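The values are calculated or read from the model by the stated rules, or taken from the named source; none is laboratory data. Bear in mind the structure is a predicted one, so any value in this text is a computation, not a measurement. Here Cβ is always computed from backbone atoms with ideal geometry, including for glycine, and neighbour counts include all displayed protein chains. Just the protein is used for accessible areas: all its heavy atoms, side chains included, with ligands, DNA and RNA removed. Shrake-Rupley method; radii C 1.70, N 1.55, O 1.52, S 1.80 Å.
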Amino acid sequence: MAAVQVSEAEKVYIMHGVRDDLRLDGRGCEDYRHMEIETDVVSNTDGSAKISLGHTDVLVGIKAEIGKPKPMVPDEGYLEFFVDCSANATPEFEGRGGEELGMGLSNTLYKVFNNRHSVDLRSLCICPGESCWVLYVDVLLLQCDGNLFDAISIAIKAALFNTRIPKVHISEDEEGVKEIVLSDDPYDCMRLNVENVPCIVSLCKIGHRHVVDATLQEKACSVASLLISVTHKGMVTCVRKMGGGSLDPESIFEMTEAGKRVGKALHAPLMELLQKEESLGKKRQKVGFLG
């Protein structure tokens, strides 16, 4: 993970501010930085989204391909994740520096999203035991300024909302051989229900309090953090502890409750924004470097 050097005096200053619910940029402990989301930004994908959270930029593209279902769940499709840490994001990602982080991010995303409680995987099944849709989710880290997990999860939810999967028609010849025919009509497609797709809320323990959406400077003052994936109903689907420090049971309870509260409040405006952007259609003004 990208890191910055912070002096002891700076750490004390940041910790005292967090104690008084006043962070360096004026936010409270449970406030996010300014967020910009844009969907349908990559033309050769079935769904895409770009998010800017402070100075953290993430691009997500989703490609749907027909594959074979897993033997344990023959009536479900599945998701595959790949995270690419661009060397432009931080010098630490140069060479093989970003591979370990990318692998760790991919494993966490797999646990959070690739289950029937987050995505309706049965809707991705084409023919049980024979064929299904596989969604390849490619994540590109363009710029890193802390809180990667939250930014990536929001971008993935936006990209899944934007994903259009072609309708499938199955025909069978006289010998019983099945043939899959994809619809050529771009409007004859299947959309995913992303209502239950969770968002990750990262909480960093700084001193005796915790903060949401920590910057790199705040991350340097934190001994441990908790990743909590939360649905729109406030249900926790995954919890993971990060960092070398320890967390006492009372802190874990307080951070979990804060994560549920913040995560639940995040979903409604996010879905409202995505639906509003889609309703604009071709009138939507594209911004950013992909505009």
Every residue from the range 175-209 that is assigned to a strand (DSSP E or B), open to solvent by 30 Å² or more (accessible area, probe 1.4 Å) and within 30 Å of MET255 (Cα to Cα) | ARG209
Looking only at the range 16-52, which residues are among the hydrophobic types (A, V, I, L, M, F, W, C) and over 27 Å from GLU277 (Cβ atoms)?
-> VAL18, LEU22, LEU24, CYS29
Quick one: ALA265 ticks every box in (1) over 30 Å from VAL6 (Cβ atoms); (2) at pLDDT 90 or above except a single one, so which number is it?
-> (1)
Residue check, SER86 buried (at least 17 other Cβ atoms within 10 Å of the Cβ), hydroxyl-bearing (Ser, Thr, Tyr) and either more than 23 Å from ASN193 (Cα to Cα) or modelled with pLDDT of 90 or more (or both) = no
When the range 13-69 is checked residue by residue, the ones that are surrounded by fewer than 18 Cβ atoms within 10 Å (Cβ to Cβ) and over 30 Å from GLU218 (Cα atoms) are SER43, ASN44, LYS63, GLU65, ILE66, GLY67, LYS68
